[in-house]
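The values are calculated or read from the model by the stated rules, or taken from the named source; none is laboratory data. Computed from a predicted structure; not experimentally measured. Every residue, glycine among them, receives a Cβ derived from its backbone with ideal geometry; neighbour counts consider all protein chains shown.
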């Protein structure tokens, strides 16, 4: 699958209707392997599993999201010239759905072209009745990291990247990698879920006012969360000295997830002596991925990420 580029002006010609379809087992195409996270029903499944489907939004570029994820899985993008590094990718979606294309498959192709084996994660959503509630996406992220590590080998470099609410998933994995959020199932669960590095793209980081993304907090914690829950699920209050190195990127003109989410997290990581780096772009808005960053300062972000990975010794 090749990334299709269109003039920026065409991106404004968006229609207002969307269509839904049953989930495709090979949503990125037949050349990409799909790995189920769990050998049976995921932990804490409700009596009736959510009715999973894909919604495709019209427009000049393919734009799909998965809602009511019932079968969490990884779609694998294998590089032509592997460097030995692997990347778990958590797309955004405000914890209401999981974006497939603009913060998933397109970004996966970019990093696979640089030699990383990329695993795009469709994670379960906390509002769909799973027993673990807000820890449900973390269950999937931990399990995914362990399966990748098992597949890649004990000495492999395995990191995580997340976008928007997926940045919260990735950040929670990086900072709560050893939380016992599900009962071990097999040998994979004996492996560490600590990523070797974390890249957080315009992350939803805080659940506390006044910089919170209200939609993500509502979907993660419910309509009336306690202050204790808000604090417990705010990334800046999870910072710990043994966290992996973190790279954060955010646009200053982000009107959905204020840049203070990243600034507060950066300050907390530095206070905990975690190796951390941040890049702030004057323009980019929210959810730019690759397609909406074209022609803006934020378009540099994949190159910045790859340069950081090489400098840290995680990629060649």
Any strands (runs of 3 or more DSSP E) falling wholly within the stretch 44-106 and containing at least 1 residues that are under 13 Å from the mean Cα position of the chain (by Cα): 73-77, 85-90, 97-99
Filter pass, residue 308 being in contact with a helix residue (DSSP H, G or I) (Cβ under 7 Å, 6 or more places away or on another chain), more than 30 Å from residue 181 (Cα to Cα) and assigned to a helix (DSSP H, G or I): no
Among (1) under 17 Å from the mean Cα position of the chain (by Cα); (2) over 20 Å from residue 159 (Cα atoms); (3) touching a residue at least 60 places away in the same chain (Cβ under 8 Å) - the single one residue 261 does not satisfy: (3)
Selected residue (only one of 154, 91, 137 is surrounded by 24 or more Cβ atoms within 10 Å (Cβ to Cβ) and either out of contact with any strand residue (DSSP E or B) (no Cβ under 8 Å at 6 or more places or on another chain) or closer than 21 Å to residue 40 by Cβ (or both)): 137
Index of the failed condition, residue 18 passing every other in (1) surrounded by 12 or more Cβ atoms within 10 Å (Cβ to Cβ); (2) modelled with pLDDT under 95; (3) touching a helix residue (DSSP H, G or I) at 6+ places or on another chain (Cβ under 9 Å): (3)
Qualifying residue in the stretch 172-186 (condition: under 20 Å from residue 230 (Cα atoms) and in contact with a strand residue (DSSP E or B) (Cβ under 6 Å, 6 or more places away or on another chain)): yes
